[in-house]
Structures are given as C-alpha cells and as structure tokens.
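Notes follow once the structure below has been shown.
The values are calculated or read from the model by the stated rules, or taken from the named source; none is laboratory data. From a predicted model like this one, the values you see are computed outputs, not experimental measurements. Backbone-built Cβ (ideal geometry, glycine too); neighbour counts: all protein chains shown. Just so you know, the surface numbers come from the protein's heavy atoms only, side chains and all, with ligands and any DNA or RNA stripped out. Shrake-Rupley method; radii C 1.70, N 1.55, O 1.52, S 1.80 Å.
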Amino acid sequence: MRARFLNMTGKLKIGMVCYPTIGGSGIIATELGLLLAESGHEVHFISYEQPVRLNTALPNLFFHPVIVNEYALFKYPDYTLPLSVRISEVSEEYGLDVLHVHYAVPHATAALLARLMLGSRRKPVIITTLHGTDTNLMGNDPHYRPIIKYSIENSCGVTTVSESLKQQTLEVFQIDHPIEVIPNFCDPAPSKQSREDLRSSLGVRDDEILLLHMSNIRPVKRVGDILDAVSRLKNKHQTKLLILAGGSFEGWEPELDRLGIRDRVIVLPNVQEIGDYPNACDIGVYASEQESFGLGILETLAYGKPVVATRTGGIPEVIRENETGLLVPVGQPAALAAALDLLIDNRALREQYGHAALLDVTSRFNAQKIKTRYLDYYRRHLRAAGA
C-alpha cells in the first residue's frame, strides 16, 4: 500500500541533514531542499542551527534543531549521538521516505545509527552526498578513514559532486560501492540592484575592471596567491578585487600593505548572500589547491562572467577551458596574473567567454534539471528497498 501511495502521488517526505554554515555543501543542501519543497515534497532539515539560506515560510518545509548538551564526563561535546537520536525521532514522527545526508561523517554515520534505533519500524533510505572533505581531508586520517568507509558502503545510495571526487573516493577508500555523479547547480536570482549602482557603492569606476573571489577563505583556497597575482597585473591601477569572504579576512590584512594593493582590494566579510555582486564584476578568480567542484566558480559563471582558476580536482568539469574561462597550475601567481591580464586586455574575449559561460551553466547546471536527477535517484533507491 505504501509503494502504491508513493507511485500515485509522487510526493516524498525527505530529511535533509547538513551543516548550517556558509559553505558549498550547506548552500546546495538548502537550495535543493527549497526546490523540493516548492515542488510539493515535504522537507525536514535536521541540524544544530537553521541553515543560513533556509526560508521556512513554505508550509511543507520544517527545521528540527539538534540539541547538544555538554557533560563534565565528556572532555569534548559529542554531536553524532544527539544527531542520530534526532534523526530517529523525526524519521518516526513524520514517516520519512528518504534521508539525504551531506557528508559521510558525521551525518551518514548518525543516519545509520538512527536506522538501527528504528528497529523493525519503517526506515528511510539513506542517500549520502560527498562534497570533498570526507575524501580530501578526513580520508587521509587513519582515525577517521574506517568509519567514513563504513558509512559510505552502508548508505543506500552515494553521490559525488564531480567525476574527479568520485574517482578519488574510490581510490582512497578502496570500495566498489556504486557512486553516481550529480553536480551542484545554480540559478541566479533576479537582480535587485543594477550593475552601475552596485559598482558605484563599492567605489569602482566604470572604466575599472572588477575581479571577484568568493570563498570561506580557508588555507586551501590560497587567497595569498590571488593577492600576489593582483600585485603583478600589468594594469593593476585600473583593476580592483572584490572578495566576498565567508570567514574572517583578518589574517590576510598585512599582505595588502606588503604587496601595496590595499587601495585595490575590497573585502566584504561574512557574506551569507552573494546578491548581485557577481553581476557587478567582470572576471572571477580562484586559486584553490584542492576543489571537488567549486560552487563559487559556478555562481560566477552563472552570471555570465568568465573565470580564471587553478586546474585541480573538479574545476575542469565546471570551467570549459578556453571556452568559459582559463585554467592555470596551482601555486603559480604569475600564471594567474598572466591569464587575468589576457582577459583584462581583451574585452571581446571576456564577453565571448561570459556569454558561453551563461549558456553552459543554463544547460549543464540548471537547478530544475539537477533537482529532477536527485528525485529520480531517491525513487530508484526506494524501489530497490521495496518502500
């Protein structure tokens, strides 16, 4: 009866487990949940705080906080266990069909514990999406690798955001569990402020080139290479760099004076919404050491702006080299500067790449298309589980 009900209505009850902070995984999980709720599915977010971009105004979208208590017995507060209890409670109370967890540890681990606690009661299928940290960082830690491997192998379905991350995951964990690649997505919101007005508010002249970098400013993003590249530009006095920082920029402040580019760099710290900033820029610039996908890159391309970035991880799957942007080796600020100079000096090439970027994002990374792929994936595993 349950299977027939799902087939007739097509509506699912989905638990979405993610980190609530500014970052690619949390943003994608939130945006996916909103798309699913707007399509009539019932979506339940489970996390220690409400995700920054989550709008709970929709009647079929819910947020369930995880309460983490600190006990003197524990030297460090534990999150996995209270998360597993909350997942179990929400799954039972609302009859969830799917648990879509973003990251194997701790989220898939907690979901597997929740399924054990549910015992003989109806259990949701667990879909785990890997965004990179499980593989690139924690996968190299022998204290975490076994539980990450276990959590991946015991998930009903596993997806990665790029082919590069899929291959890396298979190699790091030596697993034969099927993995499906479903990329991130982006549909720019309608503009609220004109390009001219926004540039004016930033103190950027019409004849200046505005570069854009968006990230959480972690060391892996190699912000220092970008600052170094800006200092090397042939026309640096006609160019400014806007940094939308998802974290503190304080550690890089001395570099602005050392490189003599303080008047060339605009930093907006702890930005939660990118708004119309990509539309106000001319070129995106990213210098990551590792990048499983690069959501900031995709968001820049989605506004019809070419991007200069490093050739690493999943970035070449997002940027079509010499079509929507330029790729350079990691750790070479001079090469980064040369690629930027090429686009700065050639307006026709910038516009050509930008137009191609807009068309490419619309075609390959369309939000509705990716949402449908996830729904198909959910239903495939529900059928396999006999739900």
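Tabulated results
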quantity	calculated
On Cα atoms only, tilt of 367-384 relative to the major axis of the chain in degrees	20 degrees
Pairs of Cα atoms farther than 12 Å apart, the range 268-309, %	60 percent
13 Å tail of the calculated P(r), the range 245-316, as % of Cα pairs	72 percent
Surface per residue (accessible, 1.4 Å probe) for the chain, Å²	44 Å²
Sites matching chymotrypsin sites (Phe, Trp or Tyr not before Pro) across the range 334-380 that sit in DSSP coil, with at most 15 neighbouring C-beta atoms within 10 Å	none
Taking N as its residue count, the alpha carbon Rg of the range 58-207 over 2.2 N^0.38 Å	1.36
Accessible area (Å², 1.4 Å probe, nearest 10) - residue 170	40 Å²
Geometric extent, Cα atoms of the range 1-145 - Rg, Dmax (angstrom)	15.5, 52
Area of residue 117 that stays accessible when all protein chains are in place (1.4 Å probe, Å², to 10)	80 Å²
Solvent-accessible area, 1.4 Å probe, carbon plus sulfur percent, for the chain	51 percent
Share, in percent, of DSSP beta bridges within the chain that are antiparallel, nearest 5	0 percent
Partner lysines for residue 221 [C-alpha distance under 25 Å; skip if fewer than 8 residues away on the same chain]	166, 234, 236, 240, 305
Angstrom value of the Kirkwood radius, inverse mean 1/r, which spans all Cα pairs in the chain	22.0 Å
Rounded accessible area of residue 56 (nearest 10 Å², 1.4 Å probe)	60 Å²
Charge tally in the Cβ shell below 15 Å around residue 161, where Lys, Arg are +1 and Asp, Glu are -1, residue 161 excluded	-2
Dmax and Rg, reported as Rg then Dmax, of the range 188-332 (C-alpha, Å)	14.2, 39
